Amino acid sequence: QTERELLENTVEEQNLVTDDVMVVEGEVATISCRVKNNDDSVIQLLNPNRQTIYFRDFRPLKDSRFQLVNFSNSELRVLFSNVSLLDEGRYFCQLYTDPPQEVFSTITVLVPPTSLLIDVRDETVTEGEEAELNCTAIGSKPATKIRWFKGDKELQGKKLSEVVEGKTVTVTSQLLMTVHSDDDGVPITCMADHPAAKDLQEQRPLNVLYKPKVKISVNFPQGLTREGEAFEMTCTAEGKPRNVAVHWLRLEDELPAHILLEGPNLLINNLNKTDNGTYRCLASNSVGESYDDYTLRVYDPPTTIPPPTTTTTIIPTITTTTTTII
């Protein structure tokens, strides 16, 4: 049997009980020595060095962090404020019977990370490349588990190092991810998962460079494109860096001479069938180039049919009067 099991068996027989305590550094721990069916025997509490903290309701130890909360035949309960790592250990409850009875309460002190630091290997990353982020949780007990998120989606990082400094541990986790254009501006969150830390996290937005995304849209006409009508389309190109150059061309042929180009707009004032073909908008920046195509087909103008002629025939009305002579 372990020492704890032997003590628990002894406690069960001797009616003296206590509990282990887990407390965050700097906060308050409660130590309770409880007795069942006490016969007025004296209860006392000792620290790990076996110095008496309380003997009945008297405190011989000159440490004002210990305050008596309850003293009776059945319980000695003490509040221990501003607990530090140095205070960890076994605190003994003793009952002066014959023979004396003793159990211990183990105080475990939790230490949240003193800080959480996140850094990025490269401030800007080009689409298709790998971004590297490191997050360090400094000086916690127990070791902090670091979790990574891209927006609301959790990602899998890997532990890079774990350095023990006395009773505390500094942990560094690394996240490697291939970035895409849609990742630009998305926050990457490093979160500390620790029993003594609440909502401890750091964020870094991704700064992704990407070639332009290109889209051709027709401004007019809305329906079929017919000879003699005006036609206009616009090329929208968005990339990063924002300095995007736009160039129009017609595949397998030159652009018609009567076409007007105004920035991203292509305008034909008077369509004819020689304008048929596939038009390409080519956009580029320092990352690369991309394009979108539009196939123009010019139809015959609508046929004009003269309005029908309507003939109205007026039939005269003849009134007959009959006169009777007597």
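With point charges of +1 on the Cβ of Lys and Arg and -1 on the Cβ of Asp and Glu, referenced to the Cα centre of the chain, which listed residue (C281, Q51, V111) lies farthest in the positive direction of the dipole?
Checked the options; the winner is C281.
With a 10 Å radius around each residue's Cβ, average the other Cβ atoms per peptide and rank 207-216, 30-39, highest first.
Descending mean neighbour count gives 207-216, 30-39.
With +1 on each Lys and Arg Cβ and -1 on each Asp and Glu Cβ, and nothing else charged, work out how big the dipole of region 195-251 is about its Cα centre, in Debye to the nearest 20. Write out the running numbers ahead of the final one.
Values: 9 positive and 6 negative charges, 55 e Å.
Charge dipole of region 195-251: 260 debye, to the nearest 20.
Describe numerically, in nm with one decimal, the distance between label points set 7 Å from Cα along Cα→Cβ at N207 and at N219.
It works out to 3.5 nm between the two label points.
Run down the aspartates and glutamates and flag those whose C-alpha is under 12 Å from the C-alpha of K36, throwing out any fewer than 8 positions away in its chain.
E12, E13, E75
Quick check of the Kirkwood formula: for the chain, what is the inverse mean of 1/r over all pairs of different Cα atoms, in Å?
Values: mean 1/r = 0.0349 Å⁻¹.
Taking every pair of different Cα atoms in the chain, averaging 1/r and inverting gives 28.7 Å.
Can you give the Rg and Dmax of region 202-299 based on its C-alpha atoms, in angstrom?
That works out to 16.0, 62 Å for Rg and Dmax.
Ignoring ligands, DNA and RNA, what percent of the accessible area of the chain is carbon or sulfur (1.4 Å)?
It is 49 percent, rounded to a whole number.
Work out how much length T278 to S41 would gain on full extension: take 0.36 nm times their residue separation and subtract the Cα-Cα distance, in nm to one decimal.
75.2 nm
Mind checking the dipole of region 142-221: about its Cα centre, +1 per Lys or Arg Cβ, -1 per Asp or Glu Cβ, Debye to the nearest 20?
Charge dipole, region 142-221, about its Cα centre: 200 debye, nearest 20.
For K215, go through the lysines and keep the ones whose alpha-carbon is under 30 Å away, minus same-chain ones fewer than eight residues off.
K150, K153, K240, K273
Over region 32-144, consider all pairs of different Cα atoms and compute the Kirkwood hydrodynamic radius from their mean reciprocal separation; express it in Å, one decimal.
Its Kirkwood hydrodynamic radius stands at 17.5 Å.
Per residue, how much accessible area does region 107-188 have with a 1.4 Å probe, in Å²?
For region 107-188, the per-residue accessible area is 50 Å².
Calculate how steeply helix 3-14 sits against the longest principal axis of the alpha-carbon atoms of the chain, using the helix alpha-carbon long axis, and give the answer as 0 to 90 degrees to the nearest 10.
On a 0 to 90 degree scale, this one is about 60.
Per residue, how much space in cubic angstrom lies within the convex hull of the C-alpha atoms of region 162-212?
Value for region 162-212: 94 Å³ per residue.
Assign unit charges at the C-beta atoms only (+1 for Lys and Arg, -1 for Asp and Glu), then state the dipole size of the chain relative to its Cα centre in Debye, rounded to the nearest 20.
The dipole magnitude comes to about 480 debye.
The values are calculated or read from the model by the stated rules, or taken from the named source; none is laboratory data. What you are looking at is a predicted structure, and each value in this text was computed from that prediction instead of being measured. Quick reminder, even Gly has a Cβ in these numbers, built from the backbone with ideal geometry, and neighbours come from all protein chains shown. Areas reflect the complete protein model, heavy atoms only, side chains present, ligands, DNA and RNA absent. Shrake-Rupley method; radii C 1.70, N 1.55, O 1.52, S 1.80 Å.
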